[in-house]
Amino acid sequence: MSEKKQQVTRRQFLNYTLTGVGGFMAAGMLIPMLRMAVDPVLQESGAGDMVNVGLSVDDITDEPQRVDWNVEQVDGWHESEVNQTAWVFTDENGDIQAFSPICTHLGCFVSWEGSDDHPNEFFCPCHDGRYYKDGTNVPGTPPLAPLDVYEHEVRDGMLFLGQAKSRGEA
Amino acid sequence: MLQKIYDWIDDRVDITPIWRDIADHEVPEHVNPAHHFSAFVYCFGGLTFFVVVIQILSGMFLTMYYVPDIENAWRSVHYLQTEVAHGQIVRGMHHWGASVVVVMLLLHTLRVFFQGAYKKPRELNWMVGVLLFFVILGLGFTGYLLPWDNKAFFATQVGLEIAQQVPFIGEELKTLLAGDPNIVGAQTLTRFFAIHVFFLPAALFALLAVHFILIRRQGISGPL
Amino acid sequence: MKKGKGMKFVGDSRISVERKPNKSKDYSEYPGRTEAFWPNFLLKEWLVGAVFLVGFLCLTLAHPSPLEGVADPTDAAYIPLPDWYFLFLYELLKYEFASGDWVIMGILVLPGIAFGAMFLAPFLDNGPGRRPPQRPIAVGMMLLAMVSVIWLTYTSAAAVDWESRAEANKPVHPDEQVEIDTSHEGYAVYENSCLSCHGGNLEGGAAGPALTGIEYGADEIADIAVNGIGTMPPDQFSGTDEELDQLVDFILTVNEEAN
């Protein structure tokens, strides 16, 4: 009886060792691979530089105007120029505002006074989403959050824009 | 909980006999290095399989970054080697694994050959093994082109020239492999990629399954 | 397990209602010095595997996988080489009986016989004896094949200067490659006298080093072009003095741009 008991413990011991060695081998193989796979998650997002968008501060009015500019985008091994757009104007305090035109609902392109029925508002044609001039979404329309805001800076009278941030972070 | 899940599956699929057969089968004394040190020669087959597993895993992860396109293939490999954490190691595993698997396969083949282990009733398994050998060499040949560097390009060109010299079907054979009768380029790369990543691995899995099932059914060959 | 009449199945399936107990065989059931596969023998295999894996990872860490420059089909100076396990076939094609009119020998007949014989080995060597001395022909053929493959691989590999090969084929990113101004008047001279060894982009090749990043002055370059240096034979350049000036100027401008 005692002999049989011992046999069982021997088997269990071997099983534990087997699991350990197997785990070591699996880890040795998989750790470099998994580290490689999750690399993009662990990359620090490069804080984008401010880019001159080619608009003089003097030309900014209280009427939102569309500004287009290009940024160099490095996507892994692929480098390209990406077009970016903002709606720029001065608010009632005279501060410069630069809104992202990406609708917070489903990512369509929002235009200032894009609909004749809704003057003085940003309008998204996809699902009739609307935003007030200060970028907050009109209650009762599809968007659930205000428009994203670009970081901005004025250097030598020219407007520089950075990354678009949602209002929560800004 | 786990026991209940197991029982539920076992009730329906009756898996216990399958894996008890694998777990409990008797390993004879003559292949056990604990009894005869020279039995280490029986490890080569297992090690070949182990490296094949490494190749499959590292290959799967490499395709996360690799693009089979002449514009981007080299750039993506360069990127994953220089910019991605541990990318150098994973590509290293795949690159050196390709050589190690051939070495292990040679040793395994020689062990089986010199022991005469392919004799009746194991003829079929030997032939499946030789086919596996060809599949592995094919994987080595097609994988060589994928980084799209000079070494890859010119070695593949030589390989295709050799295919072209086959009588009667040479031209067609070359075009079939290269995708174009004259150019070694974009279409060649995608073809080699497809062969390397889908066709040959599929053959490899099927042959490996047959190889292992036959070993399990016939048992390992006895001592000399 | 009971068979035939009286056997009960799960539903309309072929799965028997009776469960086989999921218990490992007792060690006393293993005759002689045989051993259970799981866990006893598998543990030994895995220990070998773990040691092997450590060695393998050390290899990959010690030798980063090589990458050469991006494929350039116009690079005439490049000498192609297959992976080492194809070197024996590559070398075989250098022999007279396996090339030229006899190329079929080299690419089909000889490898076909060798690999075909290997594939059909169980039927060619079909005697009952398994020990090598009992089947001298099969073993002899295999030894002969092994020796020839090793010999061919060795001769092929020994003829290659691996270090200078690696040196000449560094992975240069295509975006960082030196721009070659082919309209430069010295380029035509370069093309005639130097390109075959030093490459279309001055990147060097098997026969000559790269000409970018050199530290010679104009006079020294002119002297080397005419008189040679190291293993480079003299009189590689043959032309007028004016052409020599243009050539030197061309090489110097490329170097300035590269820096």
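The values are calculated or read from the model by the stated rules, or taken from the named source; none is laboratory data. If you're wondering where the values come from, they're calculated on a predicted model, not measured in any experiment. Note: ideal-geometry Cβ built from the backbone for every residue, glycine included; neighbour counts use all protein chains shown. SASA here: full protein model, heavy atoms, side chains in, ligands and nucleic acids out. Shrake-Rupley method; radii C 1.70, N 1.55, O 1.52, S 1.80 Å.
How about segment C:22-46: which of its residues are of a type in the set (Ser, Thr, Tyr) and at the interface with chain B (Cβ under 7 Å from one of its Cβ atoms)?
If the condition is that a residue be of a type in the set (Ser, Thr, Tyr) and at the interface with chain B (Cβ under 7 Å from one of its Cβ atoms), then C:Ser24, C:Tyr30, C:Thr34 are the ones that fit.
Among the residues of segment B:142-193, how many are in a helix (DSSP H, G or I) and open to solvent by 30 Å² or more (accessible area, probe 1.4 Å)?
The number of residues fulfilling the criteria is 18.
Check off (1) touching a helix residue (DSSP H, G or I) at 6+ places or on another chain (Cβ under 6 Å); (2) surrounded by 15 or more Cβ atoms within 10 Å (Cβ to Cβ); (3) at the interface with chain B (Cβ under 8 Å from one of its Cβ atoms) for C:Pro64 and give me the number that stays unchecked.
(2)
Inspect all residues belonging to segment C:47-61 and state whether any of them is within 30 Å of C:Asn201 (Cα to Cα) and either more than 7 Å from chain B (Cβ to nearest Cβ) or under 39 Å from the mean Cα position of the chain (by Cα) (or both).
Taking every residue of segment C:47-61 in turn, none turns out to be within 30 Å of C:Asn201 (Cα to Cα) and either more than 7 Å from chain B (Cβ to nearest Cβ) or under 39 Å from the mean Cα position of the chain (by Cα) (or both).
Please go through segment C:73-120 and pick out each residue that is open to solvent by 80 Å² or more (accessible area, probe 1.4 Å), acidic (Asp, Glu) and facing chain B (nearest Cβ under 7 Å).
Correct list: empty.
Among the candidates B:Phe168, B:Phe212, B:Phe154, which residue alone is within 14 Å of chain C (Cβ to nearest Cβ), free of Cβ contacts under 8 Å to residues at least 24 places away in the same chain and at positive phi?
One residue alone meets the criteria, B:Phe168.
Scanning segment A:73-87 for residues that are in contact with a helix residue (DSSP H, G or I) (Cβ under 9 Å, 6 or more places away or on another chain) and of a type outside the set (Gly, Ala, Ser), which turns out least open to solvent (accessible area, probe 1.4 Å)?
Here the answer is A:Trp77.
Answer yes or no: is there a residue in segment C:158-175 that is more than 30 Å from C:Glu68 (Cβ to Cβ) and more than 11 Å from every other protein chain (Cβ to nearest Cβ).
no
In segment C:124-228, which helices (runs of 4 or more DSSP H) lie fully inside it and hold 2 or more residues that are among the acidic types (Asp, Glu) and surrounded by 12 or more Cβ atoms within 10 Å (Cβ to Cβ)?
C:185-193, C:218-227
Among the residues of segment B:35-52, is any more than 19 Å from A:Gly76 (Cβ to Cβ), open to solvent by 60 Å² or more (accessible area, probe 1.4 Å), aliphatic (A, V, I, L, M) and at pLDDT below 95?
no
For segment C:206-257, enumerate the residues that are in contact (Cβ under 8 Å) with a residue 40 or more places away in the chain, farther than 19 Å from C:Ser196 by Cα and hydroxyl-bearing (Ser, Thr, Tyr).
Once the filter is applied, which keeps residues that are in contact (Cβ under 8 Å) with a residue 40 or more places away in the chain, farther than 19 Å from C:Ser196 by Cα and hydroxyl-bearing (Ser, Thr, Tyr), segment C:206-257 yields only C:Thr253.
Among the residues in segment C:33-43, are any part of a helix (DSSP H, G or I) and either of a type in the set (Ser, Thr, Tyr) or farther than 28 Å from B:Thr48 by Cα (or both)?
no
Please count how many residues of segment B:11-55 are assigned to a helix (DSSP H, G or I), under 14 Å from C:Val48 (Cβ atoms) and facing chain C (nearest Cβ under 7 Å).
Of the residues in that region, 4 qualify.
Condition first: in a helix (DSSP H, G or I), under 18 Å from C:Val70 (Cα atoms), of a type outside the set (A, V, I, L, M) and at the interface with chain A (Cβ under 8 Å from one of its Cβ atoms). Now tell me which residues in segment B:72-90 satisfy that.
Scanning segment B:72-90 gives B:Arg75, B:Ser76, B:His78, B:Tyr79.
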